[in-house]
1. Grab every C-alpha pair in segment 1-144, bin the distances at 10 angstrom width from 0 up to the longest one, and report whole percents.
2. Can you give the charge dipole size of segment 63-214 about its Cα centre, rounded to the nearest 20 debye, using +1 on the beta carbon of Lys and Arg and -1 on the beta carbon of Asp and Glu?
3. State which entries of Lys151/Lys196; Lys88/Lys151; Lys77/Lys99 exceed 19 angstrom in Cα-Cα distance in the structure shown.
4. For the chain, build the charge dipole from Cβ charges (+1 Lys, Arg; -1 Asp, Glu) around the Cα centre, then report which of Ala2, Thr85, Ile150 sits farthest towards its positive end.
5. How big is the antiparallel share of DSSP beta bridges in the chain, given as a percent to the nearest 5?
6. Of Gln172, Gln27, Gln46, which is the most mobile in a GNM of the chain whose springs link Cα atoms less than 10 angstrom apart?
7. What shape does segment 27-106 take by its C-alpha gyration tensor, where a ≥ b ≥ c are the square roots of the eigenvalues and a/c under 1.5 counts as rounded, a/b above b/c as prolate, and the rest as oblate?
8. Enumerate the calculated ³J(HN,Hα) couplings along segment 104-116 in order (Karplus 6.51 cos²θ - 1.76 cosθ + 1.60, θ = phi - 60°), each rounded to whole Hz, writing x wherever the residue is Gly or Pro.
Amino acid sequence: VAKLLYVAKRVRPDILTAVQFLTTRVQQPTEDDWSKLERCLAYLNQERNLGVTLECDDAVNAVGYFDAAYGVHADFKSHSASLITLGKGPIYVGCKKQKILTKSSTEAELVSASDGSPKLVGVRRFLRAQGYVLSPSIVYQDNMSAISLIKKGRATSEASKHINIRYFFIKQLVDDGEIQVVYMPTDDMLADLLTKPLQGAKFRDLRDRLMNIV
């Protein structure tokens, strides 16, 4: 599993969701967990020639995709995913169980965007240090209610009053001109591949676009 994680983080993000689950099962694995590991290995063996292809846009800038799957873990916590690219193909991918229990899909999306945005800021600072002049980075989000919370920077209803102020950190990035939050439909959200197990045509479509397979 550790070897798979190494591969997933560097050249095969298409298996990252499965491997991230497997890392939580190494202490007390079951036969079902072993079957999942074998299935992952069989997929890698079948698609052994795939890998990330990096391709930069003409105007160099970092773009972020932040997504979340609400309440998918056994303890009802949600799952975050983040993806950063400089054009096509990811320069950073990450997915993990959220540390807090969220009360709605909107809150889960806000937590994901807030937790993922510091990595995007780090990439922007690195690019500036290389002499690049950057426009605001586009951040794609597939939840309109979460976008509304980000733009307002505060709770907007009784259902969201409890949300911790730390998760509105991303509002400051919007105000500072560092990022611009843009809606993207779920079917086009590349980070969706990193939040839940997908199969069939949808998996292959998102995989090919995420990894820039040509």
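All of the numbers you see were taken from the coordinates with simple rules; none came from a lab. Computed from a predicted structure; not experimentally measured. All Cβ positions, even for glycine, are placed from backbone atoms using ideal geometry, and neighbour counts span all protein chains on display.
1. Distribution as computed: 11, 33, 34, 19, 3, 0 percent.
2. 360 debye
3. Details: Lys151/Lys196 27 Å; Lys88/Lys151 27 Å; Lys77/Lys99 7 Å.
Going by Cα-Cα distance, Lys151/Lys196; Lys88/Lys151 fall outside the 19 Å limit.
4. Ala2
5. Values: 16 of 23 bridges.
The antiparallel proportion sits near 70 percent.
6. Top of the fluctuation ranking is Gln27.
7. It comes out oblate by the Cα gyration axes.
8. After applying 6.51 cos²θ - 1.76 cosθ + 1.60, I find 7, 5, 4, 5, 4, 5, 5, 4, 4, 5, 5, 6, x Hz.
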